[in-house]
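What follows is one structure encoded as structure tokens, with my remarks underneath.
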Amino acid sequence: MKPLVIVGSGGFAREVLDVVEAINAVEERWRFLGFLDDHKSEDALVTSRGAAILGPSQLLTELDCEYVIAIADPAARERIDALATGAGREAATLVHPGATVGSVNSISPGLVATAGSCVTTNVQIGRHVHLNLGSTVGHDVVLGPYVTINPGAHISGNVTLEDGVTIGTGASVIQGLKVGRRSFVGAGAVVTKDVGPGLVVIGIPARPLAR
Ligand SMILES: CC(C)(COP(=O)(O)OP(=O)(O)OC[C@H]1O[C@@H](n2cnc3c(N)ncnc32)[C@H](O)[C@@H]1OP(=O)(O)O)[C@@H](O)C(=O)NCCC(=O)NCCS
């Protein structure tokens, strides 16, 4: 079994531990060492799982193990990826046994695909992408590094989501469109036109959120 740490210790990190446990129930693959967190040293919800927060993310430079990053913020994921890669650490890829991944896909390390997520065919997935419960990714999609697709969101065929894009719960992106770097599509939105970089868009059809 390969040693593994999860970076982050919040709600999503505990969901990622569920993915690890589900994988191990099928085939004992991971020896979970604990969580790393820069902001917390203990948490009752973590200890109730029989786990511990081992220390800050900097520990990645010392621990001989693989890692996944269970933090929503794409900038934090990018920073921790650089730290871990610089220290020679390999990112794990965690696909829940209840997720489906089709044919001819290119998957970079760090993917977390939780239960019910679905990737079809000829999809390119960058480093440290999160695919949450029941989300779907259609044919020929390109997902840049640090993309997050939240529960129940749907990405149609030939869509490109650039680096660090987040798609909110239940949102949809219509086929062939591009969402620019670090943009955020609000929960329930339907994207019907390309979205530029650095925007927050909401509603149907999705429009930039007026501040
Ligand atoms: C779009 C989003 C990022 C905006 O967050 P925010 O900047 O904190 O915005 P606010 O909560 O201050 O809301 C600003 C306005 O937009 C509206 N709004 C916020 N999110 C909206 C959405 N998804 N759809 C429609 N309207 C929305 C609010 O009602 C508010 O309207 P008001 O000014 O008339 O009261 C956020 O609401 C969102 O949808 N996040 C996705 C959450 C998600 O998917 N979580 C999954 C976790 S697993």
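Descriptive notes on the structure:
- Filter pass, L45 being of a type in the set (A, V, I, L, M) and over 18 Å from A91 (Cα atoms): yes
- V68 touching a residue at least 12 places away in the same chain (Cβ under 8 Å) and open to solvent by 40 Å² or more (accessible area, probe 1.4 Å): no
- Selected residue [at pLDDT 95 or above and touching an Asp or Glu at 6+ places or on another chain (Cβ under 6 Å)] from P74, P109, P56: P56
- Yes/no for V147 being of a type in the set (A, V, I, L, M) and farther than 26 Å from G98 by Cβ: no
- Residues being over 19 Å from V19 (Cβ atoms) and within 13 Å of the chain's Cα centre (by Cα) - total across the stretch 47-80: 5
- Screening L161, L131 for residues that are under 14 Å from the mean Cα position of the chain (by Cα) and within 23 Å of P97 (Cβ to Cβ) leaves exactly one candidate, L131.
- For the stretch 5-18, the count of residues that are touching a Cys at 6+ places or on another chain (Cβ under 7 Å) and either in a loop (DSSP other than H, G, I, E, B) or crowded, with 19+ Cβ neighbours inside 10 Å (or both) is nonzero.
- Looking across the stretch 85-111 at every residue that is in contact with a helix residue (DSSP H, G or I) (Cβ under 6 Å, 6 or more places away or on another chain) and touching a residue at least 60 places away in the same chain (Cβ under 8 Å), the one that is least open to solvent (accessible area, probe 1.4 Å) is identified as L94.
- Residues in the stretch 81-105 that are part of a loop (DSSP other than H, G, I, E, B) and within 23 Å of V26 (Cβ to Cβ): E90, A92, T93, H96, P97, G98, A99, G102, S103, N105.
- Just one of (1) under 17 Å from the mean Cα position of the chain (by Cα); (2) in a loop (DSSP other than H, G, I, E, B); (3) outside the structural domain of L131 (by TED's automatic domain parsing) fails for E28. It is (1).
- Taking every residue in the stretch 173-193 that is more than 14 Å from P151 (Cα to Cα) and outside the structural domain of G152 (by TED's automatic domain parsing) and pairing it with any residue that is of a type in the set (G, A, S) and open to solvent by 50 Å² or more (accessible area, probe 1.4 Å), at least 6 positions away or on another chain, yields no pair with a Cβ-Cβ distance below 6 Å.
- Options V191, V159, V195: the member that is in contact with a strand residue (DSSP E or B) (Cβ under 7 Å, 6 or more places away or on another chain), within 13 Å of the ligand (Cβ to nearest atom), open to solvent by less than 10 Å² (accessible area, probe 1.4 Å) and at pLDDT 95 or above: V191
- The stretch 162-179: number of residues that are assigned to a strand (DSSP E or B), surrounded by fewer than 24 Cβ atoms within 10 Å (Cβ to Cβ) and within 16 Å of the ligand (Cβ to nearest atom): 2
- Considering each residue of the stretch 120-143 in turn, at least one proves to be within 13 Å of the ligand (Cβ to nearest atom) and surrounded by fewer than 21 Cβ atoms within 10 Å (Cβ to Cβ).
The values are calculated or read from the model by the stated rules, or taken from the named source; none is laboratory data. Computed from a predicted model, the values in this text were never measured in an experiment. So basically every Cβ, Gly included, is an ideal-geometry build from the backbone, and we count neighbours across all protein chains shown. When the accessible area is computed, the model is the full protein with side chains, heavy atoms only, and any ligands, DNA or RNA have been set aside. Shrake-Rupley method; radii C 1.70, N 1.55, O 1.52, S 1.80 Å.
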